[in-house]
Amino acid sequence: MISRYLIDNIIEAASNLLRNKPRTLLTSLGIIIGISSVIILVAITNGAKTIIEEQLVSLGAKTIVLKPIGRTRSGVYRGMAQDFNQNELSLMKAMPTVESVSPIVKTSNQVSYRNKSQVVAVVGSNEDFARINDWPTESGDFINEMDVQDGARVCVLGASVQKRFFGAEDATSQSIRIDGISFKVIGTLTEKGLTPGGRDQDDFILIPFTSLNRWDYKGQLYGISNIIVSSTTTEDLEFTKFSIRKMLRETRGLLKDEFDNFEMVTYEKITRKILQTTNILKILLSAIASISLVVGGIGIMNIMLVSVTERTKEIGIRITIGAKSRDIVFQFLSESALIALFGGAVGIALGYFLSQLVSNFVGWPAIISTESIIIACLFSGFIGIFFGIYPAFKASRMDPIKAIRNEQ
Amino acid sequence: MNEHKTIIELSNINKIYNLGNTKLQVLFDICLQIYEKDFIAIVGPSGSGKTTILNIIACLDRPTSGQYILNDIDVNSKSNDDLSEIRNKSIGVIFQNFNLISRHSALENVQMPLLYSDITDKKTRTRKARECLEMVDLTDRASHYPNELSGGQQQRVAIARSLINDPDIILADEPTGNLDSQTSRDIITLLKKLHEAGKTIIVITHNDEIAKETMDTINLKDGKIV
Ligand SMILES: Nc1ncnc2c1ncn2[C@@H]1O[C@H](COP(=O)(O)OP(=O)(O)OP(=O)(O)O)[C@@H](O)[C@H]1O
Ligand SMILES: [Mg+2]
């Protein structure tokens, strides 16, 4: 029975709005513009956020850099530096929240190819190095797990080394000598360029860290000076840190009152700040867009007031034949809500298409969540009802005798 | 004097309009008793308060003072919404200028009071509206809009609308005022038929023919019954 009443009202309201299509369209324009700009802004900032997130992750938002040497809080070096060892490495690798572990052993060695010979930075690492550093090969392959297991004499050249020793020629499949021992070049890395500090990131040769130890003819064992650990997710980072610290303290037999003789560096704080900033930006932009929604709502109120005045006589007739105030309120609220919902629906569609357009233009994805669509619908409905209340109330309070005498 | 029960009873009804700093009294101590199945004409010169009294009887207006008992209900104690319900169920009102809603068809106008009643079934509504249009002999104009109908036809639609909830009382304010004499006669015949069907009818009129047909005539002059 209630629903019949509802349906009757909505049909009546819809047919009434359809009678004056240009006016209905113009009235809903404010809502269309408001909703579509909110949709666009949220979609674009959401897209930007995922891009930023991705970049942060690739920059190390979920990585931990382990370094030997602990420091006291005042910055004074304390105790002996202790390099990491293979055992610690495999224990880390076995942790459930650890995605990959990459050791870093840095040396400088005499490197020669044909008649050219230079001292070059050599980095011993493993197959995870490329993934953790998000560093694809330009040509050939990266070292794999087998190479690391076998201590294979293979190497991957940084872009600068490739250029210096081989020029335009592709180094892949050639052999170079590192401290007199022959290494086969299996690939070259893409160019990363200079750091902001001006250091050439591409000037090194990467080999399995196991082969570095093996060929050291001086009998000197290179320790693992750094380990880069990547956590499965950013959320797990804290737990991973905790597990590693516990493991290292245990294997190293550190007593309760002893300081760590290693340190762990993460980029969490920076990451969180940046993500917070994008969130603030999103809220700010939506708030600005919402202003146009309010303006749209006032437009609806304005037209509804005009409509009430125009239909004074009709309202009088309806009250005379038995309409109660709630019937009149409902009649006009249905209309304003319908206008706003129509505007909301068109606004969502328009916002959808425009955000695809803008996305092409700015070059990052537009992400429209169902959440933002639902919120847009609810919000436009709310605007319609909120700004329809006053005109509807005014209509319901009419004196039927005066209203019925009104000539349009 | 009358075997029927009292349906409308006005006692000492006064109506005073406040016009800024002056007061205009248009009804003076009106006392009136109307019985079921009465057919009453209200006559009087222009401005004598006929419409004012009819609006009060129709529960569209409230007297400044006095008591109005309708069907044993004290009308003054009721809220506006209660009065809407009373108008919807027990009173049918007909106006000189018909007061149809122009963007609705004849059939839709006739069934509009049902929108505010308990009858929610669409089929029942349409059937009832058609029956009422049949009573005023307008079935062939059901889908016409008011501006496609003659004055007499519009008034018959208005009468059909007043009948839709089968009210006990029909109130008409100069129903033939805008119609020519032949059409007026049709309307009078209709009102007579409704009276014969058992309705209580009060009609304001300048039309002697109507006044002749009624059982009784109330003469108003300067807001007083004479
Ligand atoms: N809303 C109002 N405010 C002030 N005065 C009013 C109002 N409505 C009616 N009046 C006055 O009340 C008096 C009676 O009006 P009413 O409409 O009842 O007359 P009537 O007998 O129906 O006249 P007519 O035959 O011309 O329709 C008139 O003098 C009119 O000016
Ligand atoms: Mg009058």
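Derivation of every value follows stated rules applied to the coordinates shown; laboratory data play no part. Since we're looking at a predicted model, the values are computed, not measured. Virtual Cβ from ideal backbone geometry, glycine too; neighbours counted across all protein chains shown.
Here are the numbers for this structure:
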read-out: For the range B:68-79, 3J(HN,Hα) per residue [Karplus equation, 6.51 cos²θ - 1.76 cosθ + 1.60, θ = phi - 60°, Hz, x = Gly/Pro]; value: 10, 10, 10, 6, 6, 10, 7, 5, 4, 7, 8, 7
read-out: Dimensionless Rg over Rh [the protein assembly as shown; C-alpha; Kirkwood]; value: 1.38
read-out: Choice from A:Ile44, A:Ile328, A:Ile32 showing the highest fluctuation, given a GNM over chain A with Cα pairs closer than 10 Å; value: A:Ile328
read-out: Fluctuation leader among B:Gln67, B:Gln33, B:Gln111 - chain B, Gaussian network, Cα springs under 10 angstrom; value: B:Gln33
read-out: Under-5 Å amide H pairs with B:Thr217, H placed in peptide plane, nonlocal only; value: B:Ala41
read-out: MRE, 222 nm, helices only [DSSP H, n ≥ 4, -39500 (n - 2.57), over chain B, to nearest 500]; value: -10500 deg cm²/dmol
read-out: Per-residue mean of C-beta atoms belonging to partner chains within 10 Å, peptide A:308-321; value: 5
read-out: Under Karplus coefficients 6.51, -1.76 and 1.60, residue-wise ³J(HN,Hα) of the range A:137-150 in Hz, glycine/proline x; value: 7, 7, 8, x, 10, 8, 5, 10, 4, 4, 4, 5, 4, 7
read-out: Angle in degrees between helix B:181-196 and the longest Cα principal axis of chain B, rounded to the nearest 10; value: 80
read-out: Helix axis angle, B:151-163 relative to chain B longest principal axis, alpha carbon, degrees; value: 80
read-out: Share of Cα-Cα pairs in the range A:266-322 lying beyond 15 Å, as whole percent; value: 70
read-out: Length-normalised contact order for the range B:128-183 - Cα pairs under 8 Å, 6+ apart - percent; value: 39
read-out: Inter-chain Cβ neighbour average for residues A:27-34, partner chain, 10 Å; value: 0
read-out: Using alpha-carbon coordinates, inclination of helix B:106-115 to the longest axis of chain B, degrees; value: 60
read-out: Helical segments meeting 24 Å axial Cα length and Kyte-Doolittle 0.5 threshold in chain A (DSSP H); value: A:21-56, A:268-310, A:325-362, A:370-396
read-out: Listed residue (B:Ile202, B:Leu107, B:Ile170) projecting farthest to the positive dipole end of the range B:87-226, Cβ model; value: B:Leu107
read-out: Packing-based order for B:187-193, A:51-57, using average beta carbon neighbours within 10 Å, highest first; value: B:187-193, A:51-57
read-out: Karplus 3J(HN,Hα) series, Hz, for the range B:23-36 with 6.51 cos²θ - 1.76 cosθ + 1.60 (x for Gly, Pro); value: 10, 10, 8, 10, 10, 10, 6, 6, 10, 7, 10, 10, 9, 4
read-out: Percentage relative contact order, chain A, counting C-alpha pairs under 8 Å, at least six apart; value: 29
read-out: Where the Cα pairs of the range A:63-266 fall when distances are cut into 10 Å bins, in %; value: 8, 33, 33, 20, 6, 0
